[in-house]
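A short worksheet on the structure shown next.
The values are calculated or read from the model by the stated rules, or taken from the named source; none is laboratory data. Every value quoted in this text rests on a predicted model; they were computed, and no experiment measured them. FYI the Cβ positions are ideal-geometry reconstructions off the backbone, even for glycines, and counts take in every protein chain you see.
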Amino acid sequence: MDQHPGFIAAIEEAKQGMAEGGVPIGACLVSRDGKILGRGHNMQVQTGDATSHAEIAALVNAGRLPTAAYEGATMFTTMSPCDMCTGACLLYKMKGVVLGEHDSFMGGEEYLKSRGKEVVVLDNEECKQLINTFIKEKPEIW
């Protein structure tokens, strides 16, 4: 799964966010047939918008899609999703979430599982390094 195009895109987005001075969290929404529907990164620092999370950005960048397009889709994200992003995944009836790491933040994984969603934790070292570097360099933002 570490080499899945959706996960690679999520890491690219996280790196872009970090390059912009923001929180390095990226996400990518992938259809059931493997097509990238939308991708994005956390923009809270850049925009001052507390809801500008990576998963929400991926949904926004996917645009308005038919309900069926979301059903069976998978959200790839570099970090465990918060409650808001977990709710979005449930609202749009996604199949599941693949996340890079959950050591720095434990989000709604158990809730997703309790609602029948597939949750895969990759324990990816690159994701850990990105967020740990950010936390060390910018603790006041984290």
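Screening the range 107-129 for residues that are free of Cβ contacts under 8 Å to residues at least 12 places away in the same chain and assigned to a helix (DSSP H, G or I) and picking the one that is farthest from Gly72 (Cα to Cα) gives Gln129. Might you let me know whether the range 3-22 holds any residue that is closer than 25 Å to Glu71 by Cβ, assigned to a loop (DSSP other than H, G, I, E, B), touching a residue at least 24 places away in the same chain (Cβ under 8 Å) and over 12 Å from the mean Cα position of the chain (by Cα)? Yes.
Do we find that Thr67 is β-branched (Val, Ile, Thr), more than 9 Å from the chain's Cα centre (by Cα) and within 16 Å of Val119 (Cα to Cα) in this structure? Working first, answer last.
Values: β-branched (Val, Ile, Thr): yes; more than 9 Å from the chain's Cα centre (by Cα): yes; within 16 Å of Val119 (Cα to Cα): no.
No.
Is there a residue being surrounded by 15 or more Cβ atoms within 10 Å (Cβ to Cβ), within 13 Å of the chain's Cα centre (by Cα) and modelled with pLDDT of 95 or more anywhere in the range 107-115?
Let us first name the residues in the range 107-115 that are surrounded by 15 or more Cβ atoms within 10 Å (Cβ to Cβ), namely 107-109, 111-112.
Now narrow it down to the ones that are within 13 Å of the chain's Cα centre (by Cα): 107-109.
Subsequent filtering for residues that are modelled with pLDDT of 95 or more retains none.
No; the residues of the range 107-115 include none that is surrounded by 15 or more Cβ atoms within 10 Å (Cβ to Cβ), within 13 Å of the chain's Cα centre (by Cα) and modelled with pLDDT of 95 or more.
If you check Thr133, Thr78, Thr51 for being hydroxyl-bearing (Ser, Thr, Tyr), closer than 18 Å to Gly21 by Cα, at pLDDT 95 or above and part of a loop (DSSP other than H, G, I, E, B), only one passes: Thr51.
So, in the range 1-55, how many residues would count as being small (Gly, Ala, Ser) and loosely packed, with under 14 Cβ neighbours inside 10 Å?
In the first step, residues of the range 1-55 are kept if they are small (Gly, Ala, Ser); the result is 6, 9-10, 14, 17, 19, 21-22, 26-27, 31, 34, 38, 40, 48, 50, 52, 54.
Still in the running and loosely packed, with under 14 Cβ neighbours inside 10 Å: 19, 21, 34, 48, 50.
Here the count works out to 5.
Whether any residue in the range 33-47 is without any contact (Cβ under 8 Å) to a residue 12 or more places away in the chain, assigned to a helix (DSSP H, G or I), closer than 26 Å to Lys136 by Cβ and of a type in the set (S, T, N, Q) is what I want to check. Checked against the condition, which is being without any contact (Cβ under 8 Å) to a residue 12 or more places away in the chain, assigned to a helix (DSSP H, G or I), closer than 26 Å to Lys136 by Cβ and of a type in the set (S, T, N, Q), the range 33-47 yields at least one hit. Scanning the range 1-58 for residues that are acidic (Asp, Glu), in contact with a strand residue (DSSP E or B) (Cβ under 8 Å, 6 or more places away or on another chain) and under 20 Å from Met94 (Cα atoms) turns up just one, Glu55. Looking across the range 119-132, the residues that are farther than 16 Å from His4 by Cα and either in contact with a helix residue (DSSP H, G or I) (Cβ under 9 Å, 6 or more places away or on another chain) or acidic (Asp, Glu) (or both) come down to Leu130, Ile131. Number of residues in the range 56-75 that are surrounded by 17 or more Cβ atoms within 10 Å (Cβ to Cβ) and assigned to a loop (DSSP other than H, G, I, E, B) equals 1.
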